[in-house]
Amino acid sequence: MNTKLAPTYKKMFGDYWILWYSISNSYSVINSDFELLLDTYLASNTQKDFSNTLSDQIPVSDSLKLSETIHNYLKDCNNPYSPPNTSSDTLDTSHRNISKHYLFDSKRIQIYYSSELVLKTVHPAIAYYCNTSTANTDVTFDIYLKNDNLYLFKNGELMSCVPKREYHLLQGKFIMQLLCSLHNKVEQDWIGTLHGSTITDGNSSILFVGKSGKGKSTLSALLATNGFELLADDVSPLLSENQHIYYNPSSISIKEGAFNLLQPLVKNFEKLPIVEFNKTKGQLKYMPCTKPKQDHYPCHAIVLVNYVSESETIIEPISIKHILETIIEDSWLSPNPKHAQQFLDWLQKVKLYQVTYSDTNSVSSEISALFKQFNYQNQ
């Protein structure tokens, strides 16, 4: 068979296997039965050989259909990976209509925006760091809209050019470049930026993941008011060098449905400005948090967040299938084979849970117990 379509790496997680295909930089989760069939298919020289291998178990006609299914699966997993097209445009400084300065510890960042609408793509999440000083800057970004495309430049170099309807791609690229500046790294140093929010107790961290609207940011905000610290909201960067999650200074984005819940818990919450970028996201508030004592922490668990009204608080183990399918969709993962191997190894080390909750005090207590368990085990 065509072994060029075979996965580059594979790793077993209980009843499931995760496969990584270098051609497409894609991950696939399959069960053990299908993995065995896949191995048999790839080890066969022809479809006839594959059918003969299975002849004692299924009819030839069924084995041919199965062979076709596996072939189509492998083709789908091997669609070539295409890096985002950044175009060849050069910086156009005529779009520098709005200027904002930000101070992150000692790092001074200046961002030029072309309009108030463009400003809303990144400014609200980092507005807490806005500074009136116009002293020399360490890094300069330009973000502007031109011919229905959004452009991102860093120190005059084009980082991204995307259609305006795909503004989330530019937001992700900006956060990556901001993190590189703050942590003195380059993009090639990261395993990826994981779609999830990370909380630390000062010793280790837990990554909270979940589909939009399931309450991961709200839970992070609740925990931040109960003695924990926010390490990263929504975008959690994982470094290759030590496989730690690093600090992301973006404030927590709070959806309108959680305003009443957080108002009595967060000082001056009612004074936080309401941001409305588009109808899909609705009204948002960005809640700034105190920076953790360290810039990075090891992650000992990934927790899938499931808010259910009037439910008990339950933390229970969950399969890698549910976790990976939740993470992959909106994460950026490096196409570097070394990083893919590190990501699989990292996943195998962390504990995987689902938390179902509605009561804020109860869930804070359970998460605290989880942290204590990890700290005890790692003493």
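Quick check on the stretch 62-85. Is at least one of its residues part of a helix (DSSP H, G or I), hydroxyl-bearing (Ser, Thr, Tyr), open to solvent by 70 Å² or more (accessible area, probe 1.4 Å) and modelled with pLDDT under 95? Within the stretch 62-85 (the criterion being part of a helix (DSSP H, G or I), hydroxyl-bearing (Ser, Thr, Tyr), open to solvent by 70 Å² or more (accessible area, probe 1.4 Å) and modelled with pLDDT under 95), the answer is yes, since at least one residue qualifies. Is the stretch 17-40 home to any residue that is over 30 Å from THR137 (Cβ atoms), open to solvent by 60 Å² or more (accessible area, probe 1.4 Å) and small (Gly, Ala, Ser)? No, because not a single residue in the stretch 17-40 is over 30 Å from THR137 (Cβ atoms), open to solvent by 60 Å² or more (accessible area, probe 1.4 Å) and small (Gly, Ala, Ser). Of the set (1) polar (S, T, N, Q); (2) more than 25 Å from the chain's Cα centre (by Cα); (3) modelled with pLDDT under 95, all apply to THR121 but (2). The strands (runs of 3 or more DSSP E) found wholly in the stretch 183-264 and carrying at least 2 residues that are touching a residue at least 40 places away in the same chain (Cβ under 8 Å) and within 14 Å of the chain's Cα centre (by Cα) occupy 190-195, 197-200, 205-209, 235-239, 244-246. Taken over the stretch 204-262, the residue count meeting the criterion of being surrounded by 18 or more Cβ atoms within 10 Å (Cβ to Cβ) and among the acidic types (Asp, Glu) is 3.
Applying the criterion of being farther than 16 Å from GLY210 by Cα and among the β-branched types (Val, Ile, Thr) to the residues of the stretch 328-362, the residue that is most open to solvent (accessible area, probe 1.4 Å) is THR360. Inside the stretch 1-15, residues that are more than 18 Å from TYR81 (Cα to Cα), touching a strand residue (DSSP E or B) at 6+ places or on another chain (Cβ under 7 Å) and buried (at least 18 other Cβ atoms within 10 Å of the Cβ) make up a count of 0. State which residue is nearest to TYR247 (Cα to Cα) when the search covers only the stretch 122-156 and only residues that are among the polar types (S, T, N, Q) and out of contact with any His (no Cβ under 9 Å at 6 or more places or on another chain). Across the stretch 122-156, the extreme among qualifying residues is THR140. THR200: among the β-branched types (Val, Ile, Thr) and closer than 25 Å to ILE302 by Cα, yes or no? Criteria met by THR200.
Checking ASP189 against (1) open to solvent by 50 Å² or more (accessible area, probe 1.4 Å); (2) touching a Ser or Thr at 6+ places or on another chain (Cβ under 8 Å); (3) under 18 Å from PRO124 (Cα atoms): exactly one of these is not met. Which one? Failing condition for ASP189: (3).
A single entry from GLU325, GLU366, GLU310 fulfils the requirement of being acidic (Asp, Glu), surrounded by fewer than 19 Cβ atoms within 10 Å (Cβ to Cβ), more than 16 Å from the chain's Cα centre (by Cα) and at pLDDT 90 or above: GLU366. Taken over the stretch 55-104, residues that are acidic (Asp, Glu) and either closer than 23 Å to LEU158 by Cβ or in contact (Cβ under 8 Å) with a residue 24 or more places away in the chain (or both) amount to 2. On the stretch given as the stretch 240-258, residues that are out of contact with any Leu (no Cβ under 8 Å at 6 or more places or on another chain) and at pLDDT below 90 total 2.
Considering (1) on the phi > 0 side of the Ramachandran plot; (2) in contact with a helix residue (DSSP H, G or I) (Cβ under 7 Å, 6 or more places away or on another chain), the lone condition that SER114 does not fulfil carries the number (1).
The values are calculated or read from the model by the stated rules, or taken from the named source; none is laboratory data. Bear in mind that the values here come from a model prediction, so they are computed numbers and not experimental data. Note that each Cβ is placed from the backbone with ideal geometry, even for glycine, and that neighbours are counted across all protein chains shown. To get the accessible areas, we keep the full protein, side chains included, count just its heavy atoms, and leave off ligands, DNA and RNA. Shrake-Rupley method; radii C 1.70, N 1.55, O 1.52, S 1.80 Å.
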